[in-house]
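One structure below.
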Amino acid sequence: MIAITGASGNLGKATLSFLLNKTDAANVVAIVRDPQKLDAGLYAGLNVRIADYEDPSSLESALKGVDTLLHISASGMGEEALRQEANVVNAAIAAGVGRVVYTSTLCPVEGAHFLAAAVCRNTENLLRNSGMDYVIFRNSMYLETIPLFIGSAMDDGQIYYPSGNGKVSFASRLDIAEALANVLASPHSENAVYDITGAGAWNFADIAAVLRELVYPDAAHTDIPAEDYRNALQNFGMGADEISFYASMADAIRAGEFKGINPALENLLGRKPLTMADYLKSLF
Ligand SMILES: NC(=O)c1ccc[n+]([C@@H]2O[C@H](COP(=O)([O-])OP(=O)(O)OC[C@H]3O[C@@H](n4cnc5c(N)ncnc54)[C@H](OP(=O)(O)O)[C@@H]3O)[C@@H](O)[C@H]2O)c1
């Protein structure tokens with residue numbers, strides 16, 4: 001059986017949909033905290049099991065009889081995320097899971113600016129030492145996060161973001177989901193670590209250039225001071241930890257941690273991934 005944690009989230013639901021086109025629903029387990037969040041009517045015959053990343057015994061029960069697990073990374077931060085992801089790996093070992101596919105982040109190196117990198121690095125190491133087979137998807141940023149990054153620029157073309165000239169090899173979450181489903185439905189092969197990126201990398205001035213072509217003739221990127229960005233997030237009502245998390249993303253982009261390009265996604269899909277320009281075109 002193939003199980004997916006975080007199955008009620010954006011990536012989980014998309015992966016489920018692709019997977020159910022390849023595999024009988026009776027072979028698939030959606031692991032969720034709250035089954036209401038999964039529109040189960042869309043997935044006839046699917047096994048739905050309840051578990052929380054904070055509750056090791058619920059995870060172990062949910063993983064009974066599972067051969068391949070898609071472990072979707074935690075949505076929390078810091079110690080909480082470290083603990084939750086370790087709980088999933090330990091439960092998978094205890095339940096006798098054969099292979100784990102894990103969604104990591106691009107460039108999870110020591111000293112990375114992006115705060116989630118330390119969590120992903122730790123979980124990758126746990127998997128390497130687990131005795132289970134593993135496939136690691138080191139995902140670049142989702143194209144679908146661009147509207148969140150650029151905020152009101154979706155309405156006026158003015159992007160204020162402290163990323164310098166830093167580029168991001170944005171990849172579509174749907175493309176990543178399809179590639180994950182392809183791996184999940186395939187027989188076990190060699191352990192693998194893939195850098196999952198778009199076919200190009202773009203800075204925020206490139207995004208502004210596409211907005212100029214598409215809709216706002218004056219669109220531009222202004223590289224604001226990091227402190228101004230932090231203040232804006234605070235005014236938006238974010239707490240200190242969340243502000244540090246988002247600020248670390250901008251620092252990571254500026255430092256080039258998300259600029260890497262790799263053909264792995266294209267190879268796993270057997271076609272070109274969606275580009276930044278085509279994604280933005282689909283929004284306007
Ligand atoms: N590469 C990127 O640009 C990017 C952007 C955002 C996030 N991410 C990472 O990629 C992951 C998947 O992205 P996404 O867009 O699918 O995120 P999402 O929509 O926020 O989904 C997160 C999933 O994790 C589940 N979850 C959270 N806490 C849990 C817990 N304590 N126990 C069990 N399940 C729990 C959520 O369940 P509920 O539905 O019950 O809340 C949800 O199903 C995220 O979790 C994050 O690590 C990457």
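For Thr23 and Glu242 in the same chain, what is the full-extension length gain: residue separation times 0.36 nm, less their Cα-Cα distance, in nm?
Extra length available between Thr23 and Glu242 comes to 75.0 nm.
Under the rule of -39500 (n - 2.57) per DSSP H run of 4 or more residues, summed and divided by the residues of the chain, what mean residue ellipticity at 222 nm is obtained, to the nearest 500 deg cm²/dmol?
Calculated mean residue ellipticity at 222 nm is -12500 deg cm²/dmol.
I need the shape label for segment 1-152. Rule: rounded when a/c is under 1.5, else prolate if a/b > b/c, else oblate, with a, b, c from the alpha carbon gyration tensor.
oblate
Taking the Kirkwood radius as the inverse of the mean 1/r across Cα pairs, report the Rg/Rh of the chain.
On the way: Rg = 19.1 Å, Rh = 19.6 Å.
In the chain, Rg relative to Rh is 0.98.
Find the centroid of the Cα atoms in segment 79-109 and in segment 181-195, then give the distance between the two in whole Å.
Centre-to-centre (Cα) distance: 16 Å.
Step through the residues of segment 74-79 one at a time and calculate ³J(HN,Hα) from phi using the Karplus curve (6.51 cos²θ - 1.76 cosθ + 1.60, θ = phi - 60°), rounding each to whole Hz and writing x for Gly and Pro.
Listing the rounded values in order: 5, 9, x, 10, x, 4 Hz.
Residue by residue through segment 158-167, what is 3J(HN,Hα) from phi via Karplus (6.51 cos²θ - 1.76 cosθ + 1.60, θ = phi - 60°)? Round to whole Hz and write x for glycine and proline.
Computed from phi, the couplings for segment 158-167 are 8, 9, 10, 8, x, 10, x, 9, x, 9 Hz.
Where a ≥ b ≥ c are the square roots of the eigenvalues of the C-alpha gyration tensor, would you call segment 19-84 rounded, which needs a/c under 1.5, or, failing that, prolate if a/b is larger than b/c, or oblate?
Here segment 19-84 falls in the prolate category.
Which angle from 0 to 90°, rounded to the nearest 10, does the C-alpha axis of helix 116-128 make with the longest principal axis of the chain?
Helix 116-128 sits at roughly 30 degrees to that axis.
Please report, as a whole percent, how much of the solvent-accessible surface of the chain comes from carbon and sulfur atoms (probe radius 1.4 Å).
49 percent
Under the rule a/c < 1.5 gives rounded, and otherwise a/b versus b/c splits prolate from oblate, where does segment 159-249 land using the Cα gyration tensor? Write down the numbers at each step before the final one.
Numbers: a/c = 2.77, a/b = 1.58, b/c = 1.76.
The shape class here is oblate.
Within the chain, count lysine pairs with alpha carbon atoms under 24 angstrom apart where the residues are 8 or more positions apart or belong to different chains.
Number of lysine pairs found: 15.
Roughly what angle does helix 173-184 make with the longest principal axis of the chain, taking Cα atoms, 0 to 90 degrees, to the nearest 10?
Approximately 20 degrees, to the nearest ten.
The values are calculated or read from the model by the stated rules, or taken from the named source; none is laboratory data. None of the values given here were measured: they were computed from a predicted structure. These area figures cover heavy atoms from the full protein model, side chains too; ligands, DNA and RNA do not enter into them. Shrake-Rupley method; radii C 1.70, N 1.55, O 1.52, S 1.80 Å.
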